[in-house]
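Report on the structure given below.
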Amino acid sequence: MKKFVLAAGAFFLFVASFAQTTNNGAGAIFIKPAIGFNVTDFSKAPPGGESKGKVGFQIGGSLLLGNKVYFEPGIFYSRKSSQYSTQNTPADKVKLNIGGLYVPLAVGVNLLGDETTFANVHVLGGFSGFFITDVSNGNKSDYKSPTYGTFAGLGADISIFFVDLKYEWSLTNVQKDISDIDVGKSRTFFINAGLKLKL
């Protein structure tokens with residue numbers, strides 16, 4: 001958590017500096033503090049077993065730049081949770097929690113309205129990096145960090161409130177060594193809600 005606080009502080013200092021030096025004619029600039037939930041599953045089941053997504057969470061924020069078309073980098077502390085069993089542990093299912101810094105880089109288009117209107121509906125997509133800081137089962141060194149992903153989603157804004165939904169596919173395997181247990185790549189559904197505050 002300490003790493004997250006330091007990284008978030010550096011990110012929002014960057015935001016403040018950027019807002020002061022950006023030309024006002026380049027488009028709207030918003031800061032979006034948010035909290036949300038996620039469900040993570042894997043592309044492969046362990047040999048002789050199964051995996052099941054559980055509810056995790058994320059908290060952080062992003063910077064939105066633009067009007068009809070916008071760019072939105074963000075930084076969150078995210079905890080992803082899943083449960084799996086193997087042929088060696090059929091009765092005792094193992095729960096895995098992975099925490100880390102989640103850094104999405106999104107591009108979006110407002111289909112109805114834009115960032116200056118009271119309400120809008122938008123679609124978004126982009127790429128992300130996930131930097132592991134802690135794991136509940138095993139050693140952090142057993143997992144790839146960072147892992148990279150691509151995502152697509154949609155959302156809506158009403159006044160200063162927003163909600164975004166997106167689905168992400170990881171581009172890299174979760175584990176470094178897949179000779180023991182190979183669960184493949186992660187797939188995560190995210191829902192975020194928060195405030196959109198103009199700078």
What's the exposure ranking of Thr133, Thr40, Thr117, going from fewest to most Cβ atoms within 10 Å?
-> Thr117, Thr133, Thr40
Too long for a 20 Å Cα-Cα cut-off, among Lys54/Lys196; Lys80/Lys198; Lys32/Lys68; Lys68/Lys198; Lys80/Lys166, are Lys54/Lys196; Lys80/Lys198
Neighbouring Cβ atoms within 10 Å as the yardstick, rank Asp164, Asp41, Asp134 fewest first.
-> Asp134, Asp41, Asp164
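FYI, it's all coordinate maths here, none of it is from the lab. Please read all numbers here as calculations on a predicted model, not as lab measurements. Glycine also receives a Cβ, built like all others from the backbone with ideal geometry; neighbour counts cover every protein chain displayed.
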